[in-house]
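Heads up, the thing below is written out as structure tokens.
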Amino acid sequence: MYKNLAGRAVLAWVTACFLSPAFSQTPAPNAPLKIGFVYVTPVTDAGWVRQHEEGRKAVDAALGAKVKTTFVENVAEGADAERVIRDLAQQGNKLIFTPSFGYMEPTLKVARDFPDVKFESITGYKQTPNVATANARYYEGRYLAGIAAGRMTKTNVAGYVAGFPIPEVLQGINAFTLGMRSVNPNAKVVVVWLNEWFDPPKERDAAMALFNQNADVVAFHTGSTAVMAAAQERGKMAIAYHSDMRKIAPDAQIVAVTHQWGGYYTQRAKAVLDGTWKSGNLWGGVKEGMIRVGDFGTKVPKAVQQEVLARQQDIAAGKLQPFRAVAADVRDNERRVVIAKGAQLNDEQILKMNWLVEGVQGRVTR
């Protein structure tokens, strides 16, 4: 079950901060709060899991001896996830973070059996008294990356390697396209669906196929760095996602959309420690510091960097909303009006997004 023996040893050794109500004894006053993290892929140098690992480290740095954190990596969604989450709870972890959409149902199932444990379902949407949910407005960063791509492309074609056609991914594709076309109306985006979150060979093959279709810049919503490596190999441009990936693609990266989890994780751990933790739902973005665009490549002109950063400030200030129709109706790629001129989508509409915007070549399975 465990992918590293160190995780097993830590789980067997650390003492829980809070004991189950089934026990009569009280915890030692200086016992650390045990916090568990479950990761859907191995911990790599960059990517989705790397950002959550950085979040875990931020908790350690901020809270020191008050906490003892551990993680289990490369845990498949489904039955494997339930076993690992349950084991973390049985080992005395009183706060457990499960950052993958497919962990939502396993988290809820385990939480019913451990009412004294607090769970944080990251990218999930179902809450209970001891299960909170949180996600980031990735689409805000995607819009900004689209501006950079629209300024940098020479062919007016961008590729997009995508995992699954769920609302979160559709939001990103649409925001990227709207951002790109806001500065380059002739731009188009070609989507390849993988139906996988993490499959480096397939991710690489998809990127190569897009380059063969005249794309000179590519974005992705998958879990590895394979797309960035492919762009570096082919002498093309790419948008890094999750993490700064200039180590993998020093010449290819034009900008990175990064996720910042340390502040949220630390806040939630503090809430458990001081007894103020409550279930709820947070959808944070640029304003909350959970999404950041930067880490520009050396090929990006200063004027483009300044433009992107200025628009980032506009989003933080509420002056720019990627899904607001300012000058004209926004249509999907089947020519239906999806945002009327002067209107903007509310959170419920964004969360249920099931269309692709005009300018995208691809289909959504409905």
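Tabulated values for the structure
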{"read-out": "Cut-off under 5 Å, modelled amide H: who pairs with Met237 long-range", "value": "Val217, Val218"}
{"read-out": "Rel. contact order, % - alpha carbon contacts under 8 angstrom, at least six apart, segment 138-231", "value": "37 percent"}
{"read-out": "For the chain: relative contact order, % (alpha-carbon pairs under 8 angstrom, 6 or more apart)", "value": "16 percent"}
{"read-out": "Under 5 Å, built H, 5+ apart or other chain: amide partners of Lys118", "value": "Leu95, Ile96"}
{"read-out": "C-alpha center-to-center spacing [segment 284-332, segment 72-115] in angstrom", "value": "35 Å"}
{"read-out": "Distance between modelled label sites at Lys302 and Asn354, nm, 7 Å Cα→Cβ extension", "value": "5.0 nm"}
{"read-out": "Ranked packing of 34-43, 74-83, 198-207, most packed first, by mean Cβ within 10 Å", "value": "34-43, 198-207, 74-83"}
{"read-out": "Helix axis angle, 138-152 relative to the chain longest principal axis, alpha carbon, degrees", "value": "30 degrees"}
{"read-out": "Under 17 Å from Lys302, Cα to Cα: aspartates and glutamates that are on another chain or at least 8 residues apart", "value": "Asp251"}
{"read-out": "Spatially proximal aspartates and glutamates relative to Lys341 (Cα-Cα < 12 Å; intrachain offsets below 8 disregarded)", "value": "Asp329"}
{"read-out": "Segment Glu105-Arg335, length gained on full extension (0.36 nm per residue, minus Cα span)", "value": "79.2 nm"}
{"read-out": "Cα gyration tensor category, rounded, prolate or oblate, for segment 167-243 with a/c compared to 1.5", "value": "oblate"}
{"read-out": "Accessible carbon and sulfur surface of segment 193-263 relative to its total accessible area, %, 1.4 Å", "value": "47 percent"}
{"read-out": "Rg to Rh, two decimals, where the chain supplies the alpha carbon set and Rh follows Kirkwood", "value": "1.00"}
{"read-out": "Subset of Lys287/Lys352; Lys126/Lys319; Lys34/Lys287 violating a 27 Å alpha-carbon distance limit", "value": "Lys126/Lys319; Lys34/Lys287"}
{"read-out": "Segments 311-321, 234-244 sorted - mean Cβ within 10 Å per residue, highest first", "value": "234-244, 311-321"}
{"read-out": "For segment 182-215 and segment 153-180, distance of Cα centres in Å", "value": "9 Å"}
{"read-out": "Charge dipole (debye, nearest 20) of segment 270-337; +1 at Cβ of Lys and Arg, -1 at Cβ of Asp and Glu", "value": "60 debye"}
{"read-out": "Relative contact order of segment 25-90, pairs being alpha-carbon contacts under 8 Å that are 6 or more residues apart, as %", "value": "43 percent"}
{"read-out": "Cα-centre dipole for segment 214-354 with unit charges at Cβ (Lys and Arg positive, Asp and Glu negative), debye to 20", "value": "120 debye"}
{"read-out": "Anisotropy class of segment 242-366 from Cα gyration tensor, a/c 1.5 cut", "value": "oblate"}
{"read-out": "0 to 90° range, to nearest 10: angle between helix 302-316 axis and the chain longest Cα axis", "value": "50 degrees"}
{"read-out": "Computed E for Asn186/Glu54 - FRET, C-beta separation, R0 51 angstrom, nearest 0.05", "value": "0.85"}
{"read-out": "Tyr125-Arg86 pseudo-label distance in nm [points 7 Å out on the Cα-to-Cβ vector]", "value": "2.7 nm"}
{"read-out": "Where the chain is the region considered: accessible area per residue in Å², 1.4 Å probe", "value": "43 Å²"}
{"read-out": "Angle between the chain longest axis and helix 167-183 axis [Cα atoms, degrees, rounded to 10]", "value": "40 degrees"}
{"read-out": "Three-way shape call for segment 78-220 based on the alpha-carbon gyration tensor, with the a/c threshold at 1.5", "value": "prolate"}
{"read-out": "Projected label distance in nm at Asp295 and Asp251, using a 7 Å step from Cα toward the beta-carbon", "value": "2.0 nm"}
{"read-out": "Under Karplus coefficients 6.51, -1.76 and 1.60, residue-wise ³J(HN,Hα) of segment 189-198 in Hz, glycine/proline x", "value": "10, 9, 9, 10, 8, 9, 6, 8, 8, 9"}
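The values are calculated or read from the model by the stated rules, or taken from the named source; none is laboratory data. Because the structure is a prediction, the values reported are computed rather than measured. Glycine also receives a Cβ, built like all others from the backbone with ideal geometry; neighbour counts cover every protein chain displayed. Each accessible area value is taken on the protein alone, full model and side chains, heavy atoms only, with ligands, DNA and RNA left out. Shrake-Rupley method; radii C 1.70, N 1.55, O 1.52, S 1.80 Å.
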